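J.: Can you keep this structure in mind? I'll have questions shortly.
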Amino acid sequence: MKKKTFIFYLTSLIISSIYLFGCNNTSKNIKKTTMSDNSAQIALPKPEGFEKIIDGKQTHYFNLKNKNGVQASFTNYGAHLVGLLIPDKSGKLIDVVVGFNDIDGYKKTLSAYYGATVGRYGNRIANGKFKLEGKSYTLFINNKPNTLHGGKKGFNDVVWDAKQINNNEVQFTYLSKDLEEGYPGNLNCTVTYELTEDNAVKISYEATTDKTTVINLTNHSYFNLNGIGSGNILNHIVQIKAANFTPVDENLIPTGEIKPVVGTSFDFLLPTEIGKRIDEKNEQILFGKGYDHNFVLDKHEINQPIATIVGDISGIKMEIFTSEPGIQFYSGNFMNGANEEIGGQKDLNRSAFAMETQHFPDSPNKPQFPTTVLKPGEVYKSLTIYRFKSN
Ligand code: GLA
């Protein structure tokens with residue numbers, strides 16, 4: 001073969017190899033998906049974007065994989081769930097939680113709490129004030145006129161200590177010092193994430209304190225069960241076993257009432273499309289700009305699902321189990337398309353939803369709600385399981 005022809009063949013071979021193998025590996029960086037593509041993302045972020053030093057502490061990326069090929073990724077920065085690959089009805093793995101390629105993506109979107117562990121108090125405390133054992137405490141106002149999801153620098157923005165326990169479990173611990181964000185007591189917290197062989201992400205929380213305090217930990221993952229980048233979630237079907245909810249005022253603080261859902265936009269006792277009543281012109285929906293409300297879960301055992309959500313396109317069904325008395329159903333009303341998610345698509349309005357298992361908002365100021373008080377000598381324990389099935 002002549003030298004020129006040889007060089008030609010060699011160059012073509014290199015170009016086609018790059019195309020065949022390279023594209024696959026880098027597709028998440030170059031593929032831009034829009035809502036109209038309707039093509040779900042299959043990408044998980046690369047570990048490199050999560051290796052950083054923040055506040056003098058090392059951050060890492062952890063990936064768990066089960067025998068079905070399901071994968072869940074985490075970082076000890078904010079104890080975030082950053083990606084979750086679940087098989088759809090055809091067996092194709094799709095990413096069902098909103099995530100970002102690197103820690104900077106999470107830093108930029110802190111006020112949306114994508115995938116974060118939220119604490120010390122998930123949800124709102126009215127006017128950033130509460131009283132405990134006769135003392136008044138003042139918190140940072142980050143959601144006027146209230147404090148939301150832990151305050152200025154919540155548990156979503158701190159570096160947790162990390163330990164991979166085994167192939168299925170990763171554990172994060174954090175010591176929140178006395179009066180951090182205004183809350184009393186040195187609070188030792190542990191969050192353990194387990195990916196089970198029956199395709200569930202199990203989240204176990206534990207905490208102890210040395211002074212009486214309040215605590216309400218939750219996970220703030222945004223799900224799109226058709227796969228992130230596949231469009232809005234309005235055709236997802238939701239069922240919540242809650243005969244009651246806690247109505248709110250215009251600042252999303254519960255009024256203190258516990259109201260039946262029957263006959264309202266909040267009746268998800270039977271499976272119902274998210275979009276069916278989301279734009280109804282009643283006060284509660286207008287205050288939330290859609291769903292952003294706490295549902296009072298009916299009495300339940302941990303092995304009974306309290307909510308089920310189905311992706312209409314993928315057939316993926318998510319069942320939620322929890323030891324908590326409430327769940328905040330948030331329909332992504334503040335998502336505004338300003339941020340680029342893993343895969344390149346934007347975080348468009350209502351393109352994902354959160355189901356935050358929790359005690360009720362503003363419980364420290366509402367003695368009629370289940371208590372969020374934790375005393376020295378007690379152990380706070382909370383368990384939530386998101387289990388996935390593909391029809
Ligand atoms: C929670 C709140 C919402 C909103 C989101 C984050 O779900 O209830 O109002 O603040 O977090 O954007």
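Read the figures in this text as sums done on the coordinates, not as results from a lab. What you see is a predicted model, and the numbers here were worked out from it, not measured in a lab. As a convention, Cβ positions derive from the backbone with ideal geometry for all residues, glycine included, and neighbour counts pool all protein chains shown.
J.: Report, in degrees rounded to the nearest 10, the 0 to 90 angle that the Cα long axis of helix 3-17 makes with the longest principal axis of the chain.
T.: 20 degrees
J.: Ok, one more. Dividing the convex hull volume of the alpha carbon atoms of the stretch 249-360 by its residue count, what do you get in Å³ per residue?
T.: Working: hull volume 14.7 nm³, N = 112.
It comes to 132 Å³ per residue, whole-number rounded.
J.: Which far-off residues, 5 or more places away or on another chain, put their amide H under 5 Å from the one on residue 218, with H placed in the peptide plane?
T.: Placed amide hydrogens put 118, 122 under 5 Å from residue 218.
J.: Can you put 178, 312 in order, fewest other beta carbons within 10 Å first?
T.: On the way: 178 13, 312 16.
Sorted ascending by nearby Cβ count, the order is 178, 312.
J.: Among 205, 252, 60, whose Cα projects farthest towards the positive end of the dipole of the stretch 47-390, with charges put on the beta-carbon of Lys, Arg (+1) and Asp, Glu (-1)?
T.: 252
J.: Moving on. List 234, 270, 286, 297 from most exposed to least, where exposure is judged by having the fewest other Cβ atoms within 10 Å. Don't skip to the end; give the middle numbers.
T.: Values: 234 17, 270 7, 286 12, 297 21.
Result, fewest neighbours first: 270, 286, 234, 297.
J.: Applying the Karplus parametrisation 6.51 cos²θ - 1.76 cosθ + 1.60 with θ = phi - 60° to the phi angles of the stretch 104-112, what ³J(HN,Hα) value in whole Hz is obtained for each residue in order, glycine and proline being reported as x?
T.: These are the phi-based 3J(HN,Hα) values: 4, x, 6, 4, 5, 10, 3, 6, 9 Hz.
J.: Cα centroids of the stretch 139-161 and the stretch 317-391: how far apart, whole angstrom?
T.: A separation of 15 Å, based on Cα centres.
J.: Over the Cα atoms of the chain, what Rg and Dmax result, in angstrom?
T.: Calculated on Cα positions, Rg and Dmax stand at 21.9, 92 Å.
J.: Trypsin sites (Lys or Arg not before Pro) within the stretch 226-302: which are DSSP loop residues with at most 14 other Cβ atoms inside 10 Å? Display every interim value, and only then the final one.
T.: Details: sites: 241, 276, 277, 281, 289, 299; in loops: 241, 277, 281, 289, 299.
Taking the stretch 226-302 and a limit of 14 other Cβ atoms within 10 Å, the loop trypsin sites (Lys or Arg not before Pro) found are 281, 299.
J.: Further, regarding this structure: What ³J(HN,Hα) values, in whole Hz, does the Karplus curve 6.51 cos²θ - 1.76 cosθ + 1.60 give for the stretch 350-355 when θ = phi - 60°, with x put for Gly and Pro?
T.: My calculation for the stretch 350-355 gives 6, 8, 6, 10, 10, 10 Hz in order.
J.: Residue by residue through the stretch 170-187, what is 3J(HN,Hα) from phi via Karplus (6.51 cos²θ - 1.76 cosθ + 1.60, θ = phi - 60°)? Round to whole Hz and write x for glycine and proline.
T.: Couplings: 10, 10, 10, 10, 8, 9, 8, 6, 3, 6, 4, 6, x, 8, x, x, 6, 10 Hz.
J.: Taking H placed 1.01 Å from N in the peptide plane, check which residues at least 5 places from residue 186 or on another chain put their amide H under 5 Å from its amide H.
T.: Those qualifying (amide H under 5 Å, at least 5 residues apart or on another chain) are 178, 210, 211.
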